[in-house]
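What follows is calculated from the coordinates using simple rules that are stated; it is not laboratory data. From a predicted model like this one, the values you see are computed outputs, not experimental measurements. Using ideal geometry, Cβ is built from the backbone for each residue, glycine included, and neighbour counts are taken over all protein chains shown.
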Amino acid sequence: MLPVTPAFRLDGLRALVTGASKGIGRAGAVALATAGAEVVLAARSLEELEETATALSEAGHAARAAQLDVTDREAVRALVEASGPFDILLNNAGTNIREPFLEVPDASVDRLLDLNVRAMFTVAQAVAKGMVEQGRGGAIINLSSVNGHVAGANRTVYTATKHAIEGLTKAMAFELGPKGIRVNAVAPGFVETPLTQAFLADEKVRTSQIRRMPLGRIMTVEDIMGAIVFLASPASAMVTGTSLVIDGGFLTQ
């Protein structure tokens, strides 16, 4: 008898995507919905969310928008309680502020820690509790970065937050594994998104980054979508506690 290839489909599963109004979050929501999941798209910008949710619905997929500031802990818990439980979480909301280490103000430190670490923890905890209560496990995908593995100029605080997410991912996977919940990170390199647009607008910077990528180009959000579906699906049934680096070979040097 031939072995059966595990499914990459997500039919019958429910997913929450944070930071879903643009960039990788929006692409991830589209990827999960088109793979069959019922998706709740959450972010602060309701208009952008509704545009994506409407487009998905018109294409025959199950999606709806939910306005949410992930730094508001009570709002996070309320949304998860009202809309959950979920089988999948794409824990994506985050930001970066590029500043030289010696010039980083307290406000930048507070902002990045609050959004990139505390909020991710809060969302993951709320969703994981629902997964445990429904008793059928689940998949949590935390958005990390190549800066969760290596340093970068003018990104000390961002790098620290992404290293924290790498550690959080491993610790969550260790503790939640016995409950059937898999936890992994996706660590993209330079992807063309609204977050990186200003940085990559400098042609010298863009050229420098491309030269460091053996595959020879800046990535697009489409390059991340397959990895998100893989980590959410039965195809990765025994993958947990890992960080899937998608960087065009950037870290090979």
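Structure notes:
- What separates the Cα centres of the stretch 125-155 and the stretch 85-99 is a distance of 8 Å.
- Isotropic mean projected area of the C-alpha convex hull, the stretch 1-69 (nm²): 5.1 nm²
- Peptide ranges 111-124, 139-152 listed from the most packed, as the mean C-beta count within 10 angstrom indicates: 139-152, 111-124
- Near V205, once Lys and Arg are set to +1 and Asp and Glu to -1 for all other residues with Cβ below 15 Å from its Cβ, the sum equals +4.
- When the trypsin sites (Lys or Arg not before Pro) in the stretch 1-89 are filtered for DSSP coil states and for at most 14 other beta-carbon atoms within 10 Å of their beta-carbon, the remaining sites are R9.
- Rg and Dmax of the stretch 39-127, both derived from C-alpha coordinates alone, stand at 15.2, 51 Å.
- Taking the inverse of the mean 1/r over every pair of distinct Cα atoms in the stretch 135-253 gives a Kirkwood hydrodynamic radius of 15.2 Å.
- Based on Cα contacts under 8 Å between residues 6+ apart, the stretch 114-253 shows a relative contact order of 28 percent.
- Square roots of 5 times each gyration tensor eigenvalue, C-alpha, the chain, largest first, Å: 28, 21, 19
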